[in-house]
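Just so you know, all these numbers are worked out from the coordinates, no wet-lab data involved. Because the structure is predicted, anything quoted here is derived from the model rather than measured. Counting neighbours? That spans all protein chains shown, and the Cβs are built from the backbone with ideal geometry, glycine included.
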Amino acid sequence: MIYRYNAESWDEFVHDLRTRKKLWDSYGDSDAVADDDWYGSKTWDEAMQYAVTGHPVARAALEAVAVKQTTALEPLWETAPVGAFACIPAYAAGVPEDMFAQSELAPPVSQPIVRIVVNMSGSAGITAQSIINRGAAIVTLIDQIQASGNRVDLSAVKHGHDSGRREKYVWQVTIKRPEEPIDMDRIGLAFATPIMLRRFFFRVLEFTVPHEVYGHGFSTHYADECRGADLVLPVISGNEYSTPARANALVQKLWEQAVSA
């Protein structure tokens, strides 16, 4: 039996978290009032507030560690009678060509899409700092990719199974679509705090599977569920992201392997 959940945008995901009802409760569930280091927040309501405002710890960590060098190629604009937005000086002067339109002389710009899938799965022993370090390394890589003229499609997934391996759990959430700019608050909350794994994906399990799952399941990685991605970051399995330097080195290595494959 495979239980699936898919959200094509962050807004859709947050809406589901707010509105879909839990089908069961257990010790250590998504809305437990507990250690904010392990969960990323003291309460469920606090986690949902972070989904809107961003997480201060994640924001500070990403700003301190990530190398933000994102650039975007600008289109060439010219004035015309109709267009995408107004040219205020021309309008004020009564000039008929009072709108900006993209110039036909501008050369077409090809921006290939790089699809990145990050498996957020990890055991209870994975520290918040390892998650933060990996999140910062991911942002650094995204900046690097976009600075080279590519666009990034970024998804978070959670793979798991029950104790008897009779059930598979496959969740997928689109964090950044190719046309969207980098939202540091959103990416920080999703990848650089335990909230995504231990609040939000716990809740997905609770409103998707109709019965209690012991320990909220066991983390794993289903490679066949990530087909089509240019880069896949698998589960955090140990201390491979224990420092920012190790995290950056590993993420860069995985990217280099993906490019050369």
Just give me the residues in region 218-261 being among the β-branched types (V, I, T) and farther than 25 Å from F202 by Cα, in sequence order. T243, V251, V259
Pull up region 128-170, narrow it to residues that are hydroxyl-bearing (S, T, Y) and touching a Ser or Thr at 6+ places or on another chain (Cβ under 8 Å), then point me to the one that is nearest to I236 (Cα to Cα). S130
Filtering strands (runs of 3 or more DSSP E) wholly in region 145-246 for at least 1 residues that are in contact with a His (Cβ under 8 Å, 6 or more places away or on another chain) gives 151-161, 168-176
Exactly one of A258, A249 is surrounded by fewer than 20 Cβ atoms within 10 Å (Cβ to Cβ) and under 16 Å from D143 (Cα atoms), and that residue is A249
